1. Which value in nm describes the separation of the simple spin-label points at residue 2 and residue 79, placed 7 Å from the Cα toward the beta carbon?
2. Could you calculate the contour length gain from residue 102 to residue 17, that is, 0.36 nm times the residue separation minus the distance between their Cα atoms, to one decimal place in nm?
3. With labels modelled as points extended 7 Å from the Cα through the Cβ direction, what inter-label distance (nm, one decimal) is found for residue 112 paired with residue 27?
4. When the helices in the chain are scored as -39500 (n - 2.57) per DSSP H run of 4 or longer and the sum is shared across all residues, what 222 nm value do you end up with, to the nearest 500 deg cm²/dmol?
5. Under 10 Å, Cα contacts only: if you run a Gaussian network model on the chain, which one of 19, 11, 34 comes out with the highest mean-square fluctuation?
6. Among 101, 1, 38, which comes first, second and so on when ranked by fewest other beta-carbon atoms within 10 Å?
7. To make sure I understand, if each residue's beta carbon is the centre and we count other beta carbons within 10 Å, what order do 42, 78 fall in, fewest to most?
8. Just to be sure I understand, if you calculate Cα extents along the principal axes in Å for this structure, which of (i) 62, 56, 18; (ii) 43, 31, 27; (iii) 49, 38, 23 do you get?
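The numbers here are math on the coordinates, done by the rules we state, and not lab data. Because the structure is predicted, anything quoted here is derived from the model rather than measured. As a convention, Cβ positions derive from the backbone with ideal geometry for all residues, glycine included, and neighbour counts pool all protein chains shown.
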């Protein structure tokens, strides 16, 4: 699959300890993205952060690792695929009962292709 041109970037901000049924919420979102045929997903673990439900700053330190660091899931795909995926993500978040933030922005996809060995 080759993907180039105008697309959208979807970012989902959650906590590392957020759960959806038996999985972490970020795993549930990534698995659903794959099931929906999205181009790909990347999960980033933050070293510090806080959100709407947090009065304390969660931070990663050498001697003590927080168990609830911020997680950002990024997905880039065509506008129709991102727009169709948003209600699915909202449902997963609502079912989990966790706090989250979802953002969307335009993305110009310069290059996306599978490796020849895939």
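1. My value for the distance between the label points is 2.3 nm.
2. Extra length from residue 102 to residue 17 when fully extended: 28.9 nm.
3. Label-label distance for residue 112 and residue 27, simple model: 2.6 nm.
4. Only helices count here, giving -8000 deg cm²/dmol.
5. Of 19, 11, 34, the Gaussian network model singles out 34 as fluctuating most.
6. If I rank by nearby Cβ atoms, fewest first, I get 1, 101, 38.
7. If I rank by nearby Cβ atoms, fewest first, I get 42, 78.
8. (ii)
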